[in-house]
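The values are calculated or read from the model by the stated rules, or taken from the named source; none is laboratory data. Remember, it's a predicted structure, so these values are computed and weren't measured experimentally. Backbone-built Cβ (ideal geometry, glycine too); neighbour counts: all protein chains shown.
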Amino acid sequence: MATQHKFLSGLDLSVAIPAEAPLLPLVFSRLFPGRRGLAPGGAWVQGVSVGEVEVALTLASELSRRRSDLPLLVTATTPAGVGLLSRRRAPGTWRPFPLDLPAAVRRFFDAERPRLLVLVETELWPAVLNEARRRRVPVLLANARLSARSASRLRRLRALFGSPLAALTRVLARTPADAERFVAIGVAPDRVLVAGDLKFDRPEPAAPAFADAARALAGGRPTLVAGSAAADEIPLVLDVRRRLAEEAPVFLLLAPRQPADFDAAARLAAEAGLRVVRRSALAAGLPTGGADVLLLDTVGELAGAYALAEAALLGGTFVPKGGHNVLEPLRAGAPVVLGPSFENIRDAVEAARGAAFPVADAPAAAAALRPLLLGGDARARAAEAARALFAAGRGAAARAADAALALLDGAAPA
């Protein structure tokens, strides 16, 4: 999954480039946005990359269910996010997010004339927010999250961000801690509400298109999905797999977070003596000789891949990155083992006690995974804890839709 700094100008082009979103045409379309068909007066929902786009699509679906005639435009910033939109939305209902430069942003607003802007999670784009304020377009920040580190950075830059922050009409924070941080950086307290996490309202992912092939390759062995693994975590993932295999066979589905790491992951697994099959090669048929590792070298299929797992090992937690989406594997029914770096997802991990298990290192990860992969009582208890977590967490999408429609109905005509 590609990443991009969300507090700068949008010019960071160090992102993964899937075939469906070549970089140069994408940059051109973000700099010179033309008319793309949103009826004036609709709602514009923006998510940066794959994770945020999934949240944006959850909210867009709820808005469409409530008001089927509402013009809806969904945008994304990174090539990976744009590629996902191209697969999930009809033509004319999605497009790339403009570069956060005043001229490009003005062209975008002139082209689409939205009556409401919905930003997802931590999207504080100065030029976009200032233009929305100038045009009196209300701005809803949905599923709002803010880490302590980001809040500290924004407090230091408060003089620069005071005007953009004033454009936020309503902030729907995921947790009380997120709400407190938004108030601390200067958002008026009466504009901030705690509304929960929209990830709890995402539908359970369907099994991926390669599910049958993956099960055939697994050959009855329990499947461990190592999702969103950073480059520096791949040796640890392979070490965990080796430790598990000393006692019982295990099949590894390895999903590096960055496409730039696909080749290195395949090489490291092969150097460890493992038989590796790449997801992109499955179109040619199953290889002879079986496999120990299926390398997920595609973008946008990880959520479905978790449905194949007996258990998951969460990336971004064994290196100092703060953790990635822990709710995605839990939603698919896979109990999660994660490393010690999970400050960005601490609330979700603590809420998922009994289904998410923090550990210190590779030996501890293998020990925690072993009973989960083997099934029985340990896995059954973890699955029940995950179901209870999602049952308690639902409702954020409805609350966000309520807020969006209230702002939309109170907004001035486009």
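Data overview
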quantity	calculated
Which numbered condition residue 316 fails, given (1) in a helix (DSSP H, G or I); (2) buried (at least 23 other Cβ atoms within 10 Å of the Cβ)	(1)
Qualifying residue in region 114-129 (condition: surrounded by fewer than 18 Cβ atoms within 10 Å (Cβ to Cβ) and either of a type outside the set (A, V, I, L, M, F, W, C) or under 15 Å from residue 193 (Cβ atoms) (or both))	no
Residue in region 175-191 that is of a type in the set (Ser, Thr, Tyr), under 23 Å from residue 352 (Cα atoms) and in the same structural domain as residue 81 (by TED's automatic domain parsing) present	yes
Residue within region 198-211 that is under 30 Å from residue 372 (Cα atoms), over 20 Å from the mean Cα position of the chain (by Cα) and surrounded by 15 or more Cβ atoms within 10 Å (Cβ to Cβ) present	yes
Region 128-150: number of residues that are within 21 Å of the chain's Cα centre (by Cα) and either in the same structural domain as residue 342 (by TED's automatic domain parsing) or assigned to a helix (DSSP H, G or I) (or both)	3
Output for region 358-383, where each listed residue is more than 28 Å from residue 320 (Cβ to Cβ) and in a loop (DSSP other than H, G, I, E, B)	375, 376
Matching option when the condition is farther than 19 Å from residue 174 by Cβ and small (Gly, Ala, Ser), among 322, 285	285
Residue 232 vs. criteria in the same structural domain as residue 311 (by TED's automatic domain parsing), surrounded by fewer than 19 Cβ atoms within 10 Å (Cβ to Cβ), over 19 Å from residue 372 (Cβ atoms) and of a type outside the set (A, V, I, L, M, F, W, C)	yes
Matching residues in region 205-218 - criterion: being modelled with pLDDT of 95 or more and part of a loop (DSSP other than H, G, I, E, B)	210
Residues (touching a Gly at 6+ places or on another chain (Cβ under 6 Å) and either within 18 Å of residue 130 (Cβ to Cβ) or not assigned by TED's automatic domain parsing to the domain that holds residue 59 (or both)) located in region 72-110	99, 100
Filter result for the condition that a residue is outside any helix (DSSP H, G or I), at pLDDT below 90 and out of contact with any Leu (no Cβ under 6 Å at 6 or more places or on another chain), over 33, 25	33
